[in-house]
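This report refers to the structure that appears directly beneath it.
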Amino acid sequence: MSENNKIITRFAPSPTGFLHIGGARSALFNYIFTKQKEGKIILRIEDTDLERNKEEFTEGIYRAFEWLDLKFDENKKQSDNFPIHRKYLEKLISEGHAYISKTKEEDLLEAKKEGKTLRGEVIRFKNPNKVISFTDLIRGEVSVDTTDLGDFVIAKSLDEPVFHLSNVVDDILMGVTHIIRGEEHLANTPRQILIWEAVGERERATYAHIPLILSETREKLSKRIHGEIVSVEYYKNRGYLKDAFINFLAFLGWNPGGEREIYSLGEIIKEFNIEKVQKGGAVFNIEKLNWFNKEYIKLQSESEQLEYIKEFLPNIEKYSDEMLQKLRPVLVDRISYYAELKDMDEVGELDYYLNTPTYSNPNEIIWKKSNKENTILNLELIENILRKENNESNLDNLWEEIYKLAEEKGKGDILWPLRYALSGKDKSPDPKSLLYILDTKEALLRVENAIESLRNL
RNA sequence: GGCCUUAUCGUCUAGCGGCUAGGACAUAUCCCUCUCACGGAUAAAACCGGGGUUCGAUUCCCCGUAAGGUCACCA
């Protein structure tokens, strides 16, 4: 593709909040589309609303993209272009496409009642009142009579353009060829096309409006009512893997056909076809994300898993490296995202790795089909084995002996009390894993304690 | 309310005139098993309604219905 018909796209968030998952998906679709066509993608921070903008939100957006590892070819801030926007406003006015409009007294008064202040005059676009048709890559032909849009405001003053003007002028100036954005902008498109045509200069861009991400109740997901789950950083902080997150997001509203669902970004770029993007909104289902994430955790290398564990496991300083190594498979097996380690820690599911358990209800040491005497006897047999193997530290031998004993005496009658003695819990990983993770000396102590508790019963 | 958009299992979706309507998540049951988790298997579960077009509609058209978006001196 030659340089002058190269595809140019942009993602244009406003820094009035953290990056929304819907925004992330828009950006992702832009990114995928652009990479596939070997085009250029621009990140343009739309900071024209001076009152609501915050630098921290811009930072947050950058951080989110850094996490997702989506890199933009250009980084722009719309406010840098205010002088240019002014020139275009002047041009539109002199050509009769826009005019300065006095605000009506009654509107001024009404706004005051609501606590808002309106400018005495603003710049409005002179609506030619015609039917605008465009081809949306996802939706096909869309056609709207712009008459009922009226003469809409495009700037508060020559130096304060608002969204429609800045957005269109920048798209024209930056050579944007494809505008891929959320469906909430579909209704804005006709008036933006009106401005685009009034400015002239360039053939208009091709539009594609991607469906919204919906809540359980099928409405647009919003931070206000749906909370932090709409923020991309939430997923980063909860220990989701960016590849899983991207895979999930891309498959919300699109898929390559076929039955495979685990696709790397590179594979998605290869397979992507914007015309196959779903038209209807998609309900955001965190269960499915969790499944994707678990699949990606399984795909991680041991050292990657260890890194995440070190980041998310509470009281990490209390675990030795050796123990962490041993703990890794057990932990990874039980989570879909790494922050679940914190949840497990909070409910005490990790206690027994660090602390010798106490048996508040020793009856639970006894297997359901057994009795106290038998259990004490069996634990003593285990105790003997542990004592014998204590200095050899050969886990395989140790386990072999215990398992032989279990087969002899009945698995439940050996394995249950052993596991309970080691964990102090009715639910826990299997005793072999526990023995593997715990020091043999510690295991012996726990078995002795359990016997003691039973005797005192 | 006006305008725009959408409509396949509970959810994400495959399907692009003829299929026992396929897969995944979630659910249930079973297997594995001392418990939990993992894993494996099986099951239940959908074409919004009504008219056309057609030999034949989930698929094409129209009308309803429902849902969503948007109607700012926000983006």
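The table below gives the values:
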read-out	value
Subset of region A:322-342 that is modelled with pLDDT of 95 or more and among the acidic types (Asp, Glu) - its residue that is farthest from residue A:295 (Cα to Cα)	A:340
Check on residue A:66, in contact with an Asp or Glu (Cβ under 9 Å, 6 or more places away or on another chain) and at pLDDT 95 or above	no
Scope region A:136-148; condition more than 7 Å from RNA strand B (Cβ to nearest atom) and over 21 Å from residue A:281 (Cβ atoms); matching residues	A:146, A:147
Pairs, first aromatic (Phe, Trp, Tyr) in region A:179-199, second open to solvent by less than 10 Å² (accessible area, probe 1.4 Å), C-beta under 6 Å, six or more apart	A:196/A:168
Condition broken by residue A:375, with the remaining ones in (1) surrounded by fewer than 20 Cβ atoms within 10 Å (Cβ to Cβ); (2) over 30 Å from residue A:314 (Cα atoms) satisfied	(1)
Residue in region A:27-55 that is farthest from the chain's Cα centre (by Cα), counting only those that are open to solvent by 70 Å² or more (accessible area, probe 1.4 Å) and acidic (Asp, Glu)	A:51
Residue satisfying condition, being surrounded by fewer than 18 Cβ atoms within 10 Å (Cβ to Cβ), under 22 Å from residue A:184 (Cβ atoms) and not basic (Lys, Arg), within set A:58, A:9	A:58
Among (1) assigned to a loop (DSSP other than H, G, I, E, B); (2) within 30 Å of residue A:200 (Cβ to Cβ) - the single one residue A:71 does not satisfy	(2)
When residues of region A:360-398 are limited to those that are assigned to a loop (DSSP other than H, G, I, E, B) and of a type in the set (D, E, K, R), the one farthest from RNA strand B (Cβ to nearest atom)	A:392
Identity of the residue in region A:131-144, open to solvent by less than 70 Å² (accessible area, probe 1.4 Å) and without any contact (Cβ under 8 Å) to a residue 40 or more places away in the chain, that ends up farthest from residue A:274 (Cα to Cα)	A:133
Filter result for the condition that a residue is of a type in the set (Lys, Arg), within 8 Å of RNA strand B (Cβ to nearest atom) and more than 24 Å from residue A:63 (Cβ to Cβ), over A:191, A:218	A:218
Hits in region A:438-457 (condition: in contact with a helix residue (DSSP H, G or I) (Cβ under 6 Å, 6 or more places away or on another chain), open to solvent by 10 Å² or more (accessible area, probe 1.4 Å) and assigned to a helix (DSSP H, G or I))	A:444, A:453
Tally, over region A:87-130, of residues that are within 15 Å of residue A:162 (Cβ to Cβ), open to solvent by less than 90 Å² (accessible area, probe 1.4 Å) and either of a type in the set (Phe, Trp, Tyr) or under 38 Å from the mean Cα position of the chain (by Cα) (or both)	2
Helices (runs of 4 or more DSSP H) (entirely within region A:255-359) containing at least 1 residues that are away from RNA strand B (no atom under 14 Å from the Cβ)	A:265-271, A:302-312, A:321-333, A:340-346, A:351-354
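The values are calculated or read from the model by the stated rules, or taken from the named source; none is laboratory data. Source: prediction; values computed, not measured. Note that each Cβ is placed from the backbone with ideal geometry, even for glycine, and that neighbours are counted across all protein chains shown. Side chains included, ligands, DNA and RNA excluded: accessible areas come from the protein's heavy atoms. Shrake-Rupley method; radii C 1.70, N 1.55, O 1.52, S 1.80 Å.
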